[in-house]
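Chemist: Take a look at this one; I'll ask things after.
The values are calculated or read from the model by the stated rules, or taken from the named source; none is laboratory data. Since we're looking at a predicted model, the values are computed, not measured. Neighbour counts run over all protein chains shown; Cβ positions are idealised from the backbone, glycine included.
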Amino acid sequence: MTFRRARLFVIAALLAACSTAPPPLAPPDGRLPDVRGTWTGTWGGAPMTLMILDQTDAAPTDGVSVGPWQGFGRILPGVSGILTVKIRSEMVSTNVQGRLGLANGRLALELAPATANGGWISLTKMDENRMSGTGTSQMSWEPQGRVELVRQPAGAPPA
């Protein structure tokens, strides 16, 4: 019986270690500024709009889940919304999920567009209404490189 428990423990430890790079750290009080709204700018020179529709203080990230229960991993603040970017002369929209935290004392946002080709965007909040960072896509014709975004005032149409 002890051998079975030890083997189960080893399997559980291996599964927990299978996560990717560690997510950004959350602040000690767990409260982050609200980043919801419409952000417009460029990604690798291509026009881009990021609409952050939802922000939660407790979104599961990495780890192992069984149904709705998270067995291993961490729970961090997260966001969800819609990313629109110009690809091959047309604007394309996709769902996007992200996680919030701190990096070098600044708010950090890691985004993963829900596309078949994958990719990611890593942003740092420069001030109340400006974020910048970098992003990459798997396909050469999709945006690559520098991302610059400015939050639009509430009620303003996207630029």
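Chemist: Would you point out which residue out of 73, 78, 98 is in contact with a strand residue (DSSP E or B) (Cβ under 8 Å, 6 or more places away or on another chain), at pLDDT 90 or above and assigned to a strand (DSSP E or B)?
Modeler: 98
Chemist: Applying the selection to segment 130-149, what residues are at pLDDT 95 or above and of a type in the set (A, V, I, L, M)?
Modeler: Once the filter is applied, which keeps residues that are at pLDDT 95 or above and of a type in the set (A, V, I, L, M), segment 130-149 yields 131, 147, 149.
Chemist: Can residue 99 be described as under 13 Å from the mean Cα position of the chain (by Cα) and among the charged types (D, E, K, R)?
Modeler: Yes: the conditions hold for residue 99.
Chemist: Out of (1) of a type in the set (Gly, Ala, Ser); (2) at pLDDT 65 or above; (3) surrounded by 13 or more Cβ atoms within 10 Å (Cβ to Cβ); (4) more than 17 Å from residue 150 (Cα to Cα), what's the single condition that is false for residue 26?
Modeler: That leaves (2) as the condition not met.
Chemist: Is it the case, given these coordinates, that residue 111 is in contact with an Asp or Glu (Cβ under 9 Å, 6 or more places away or on another chain) and in a strand (DSSP E or B)?
Modeler: In short, no.
Chemist: Same structure again: Under 7 Å between Cβ atoms, at least 6 apart or on separate chains: pull out the pairs that start in segment 100-111 with a residue that is over 14 Å from residue 34 (Cα atoms) and end on any residue that is outside any strand (DSSP E or B).
Modeler: Between residues of segment 100-111 that are over 14 Å from residue 34 (Cα atoms) and residues that are outside any strand (DSSP E or B), the close pairs are 103/24; 110/23; 110/24.
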